Amino acid sequence: MKRVLSGLQPSGQLHVGNYAGAIQQFVQLQDSHEMYVFIASYHALTSSRDANELRQNIRQVVIDYVAFGLDPAKTNIYLQQDVPQVTELSWLLSCICPKHMMDKATSYKDKVAKGLAASIGLYTYPVLQAADILAVDADLVPVGEDQRQHIEITRDLASKFNHYYGDVFKLPDAMIREEAGVVPGVDGQKMSKSYGNTLDPFMDEKPLRKRIMKIKTDSLGVDDPKDPDTCTVYQIFRALAGPDSEQTQALASRYRNGGMGYGEAKQTLFEFILEHFRDARSKRLELTNDPGYIEQVLKDGAEAANKIIGNVTDRARKAAGL
Ligand code: AQP
C-alpha cells in the first residue's frame, strides 16, 4: 500500500482552494492508501506572531480536516510539534542543501513580496517541508500547483543525502489535480489567505452568497455565448465538482450556448457549494463541542507518526555518522 503525506498551515481559515487542491485528494485517497496528514504548525511560525491565534488556528484545522471527511480511523492526523524529530531531520538536510537551491525557491520571493518578514525560517521553509515528507518515507504528496517546486526540492535533497550516505530516503512524487492545481479566488488571482480573495466553505449562507456574487467576470451579456475555461466561476465549480461530472459538463454547455448570465452561473456555484459542504458544515459544529475527541485523534495520530519518524530519523542519523 502506498504511503501518502501532506499537510496544511494553520495560518487562517481554510478555503475552497485548499480544499479542492489538497484536502479533497486526501479524502479520496484514504480508502486505498496509508495516510499521514499533519498540521504544519512550525511552518505557520514563519508568519504567526500571535500565540493565542495560532493555538486556535491549529485546533480549527484539525476540526476542519475531520469535518471535510478525513476519517481518523483511516488517516493519521498529527501536529508537527508532536514529532520534533522532523526538525532534527531538517538540520541534517540543511547541511547538505546548497544555498543556491533555496535562492531559486519562488515561494520565498512571493511571500516576501506579499509582506511576510524575510526570516531565515521562511528562507529555509522548503528544507523543513522536505523533512516532513522524507520523515515518513512517503510515496505520494497530494498538493496544489504552488507546491510543485517544493516537492522537486524534496527529491533533490533526498538524492543528495542518498548520494553522500547511502540509500536512506525514498523519493516521493507530487500528486496535483490538473483541474484544481490553482483554484482562483473572487478576484481571479490564485485563491490565497493572504490575498483576502478566498471563499470560506463554512461561511454563513448570506455572506457566502454575497461573496460569490462578487466574483470578477467579463462584461458579456446574458445571451452571449461564453468561454467557461476563462471564467473564474466555472473554474471554481469544475475544481470542486470534477471536470467529468455531469454537473460540470452541463454548466459548460450552458456557457457555450449563451442564454445564461453570470448571475445565474454564480447562483449555481453558490447552491453547489452549500450542497457539497452540507455535511461538513454540520459535522464542524458537532466537533467544535467535542474537544475530548479532537485530543484523542491527535494523540493517536502522533503515536503512529512518531513510530515511523523515529525509525527514519535513526536511519538518517546513523548513516550520517551520528
Ligand atoms: N488556490 C489554490 N488552489 C489549489 N491549491 C491550493 N493550495 C493553496 N491554495 C490553493 C494548496 O493547499 C495546501 C495548503 O498549503 P499551505 O497551508 O502551505 O497554504 P498556502 O499554499 O500558503 O495557502 P494560501 O491560502 O495560499 O496561504 P498564503 O496566502 O498564506 O500563502 C497546499 O497543498 C497548497 O498547494
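Determine, for each peptide in 47-55, 280-288, 3-11, 22-30, the mean count of other beta carbons within 10 angstrom over its residues, then list the peptides with the highest first. Walk me through the numbers before you get to the answer.
Working: 47-55: 12.8, 280-288: 14.9, 3-11: 22.7, 22-30: 20.1.
My ranking of the peptides, most packed first, is 3-11, 22-30, 280-288, 47-55.
Antiparallel versus total DSSP beta bridges in the chain: what percent is that, nearest 5?
Values: 1 of 16 bridges.
That works out to approximately 5 percent antiparallel.
What 222 nm value per residue comes from the helices of the chain, counting each DSSP H run with n ≥ 4 as -39,500 (n - 2.57) and dividing by all residues, nearest 500 deg cm²/dmol?
That calculation yields -16000 deg cm²/dmol at 222 nm.
Sequence gap at least 6, Cα distance under 8 Å: using those rules, report the relative contact order of the chain to the nearest whole percent. Walk me through the intermediate numbers first.
On the way: 489 pairs, mean separation 75.2, N = 322.
Reported as a whole number, the value is 23 percent.
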Quick note, the stretch 203-276: a/c under 1.5 would make it rounded; otherwise a/b > b/c is prolate and the rest oblate (a ≥ b ≥ c, C-alpha gyration tensor); here it is oblate
The ³J(HN,Hα) series, computed from each phi in the stretch 76-85 with the Karplus coefficients 6.51, -1.76 and 1.60 at θ = phi - 60°, rounded to the nearest Hz and given as x for glycine or proline, is 7, 10, 8, 8, 4, 6, 8, 10, x, 4
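Going down the list K74/K210; K206/K283; K160/K318; K104/K210, which pairs span over 28 Å between their C-alpha atoms? If you can, show how the numbers build up before the last one.
On the way: K74/K210 37 Å; K206/K283 20 Å; K160/K318 16 Å; K104/K210 40 Å.
From the list (K74/K210; K206/K283; K160/K318; K104/K210), the Cα-Cα distance tops 28 Å for K74/K210; K104/K210.
Using mean Cβ contacts within 10 Å as the protection proxy, how do 214-226, 117-129 order, highest first?
Numbers: 214-226: 13.6, 117-129: 17.8.
Peptide ranking by packing, descending: 117-129, 214-226.
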Phi-derived 3J(HN,Hα) across the stretch 176-190 with the Karplus relation (6.51, -1.76, 1.60, θ = phi - 60°), rounded Hz, x for Gly and Pro, is 10, 6, 4, 7, 9, x, 9, 7, x, x, 4, 9, x, 6, 3
The rounded separation in angstrom of the Cα centers of the stretch 291-322 and the stretch 32-79 is 15
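Which of L298, L157, L274 has the fewest other C-beta atoms within 10 Å, and how do the rest follow up to the most? Could you put the intermediate results ahead of the total?
Working: L298 20, L157 26, L274 14.
Lowest to highest Cβ neighbour count: L274, L298, L157.
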When M191, M101 are arranged by how many other beta-carbons sit within 10 Å of their Cβ, fewest first, they go M101, M191
Computed from every Cα-Cα pair in the stretch 1-147, P(r) in 10 Å bins starting at 0 and rounded to whole percents is 11, 40, 38, 11, 0
Taking a ≥ b ≥ c as the square roots of the eigenvalues of the Cα gyration tensor, with a/c under 1.5 meaning rounded and otherwise prolate when a/b exceeds b/c and oblate if not, the stretch 60-202 is oblate
Residues whose modelled amide H sits under 5 Å from the amide H of G7, counting only those 5 or more places away in sequence or on another chain, are F38
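None of the figures in this text is laboratory data; all of them are computed from the coordinates on show. On a predicted model such as this, the values are computed, not experimentally measured, just so you know. Positions of Cβ are generated from backbone atoms using ideal geometry, with glycine treated the same way; all protein chains shown enter the neighbour counts.
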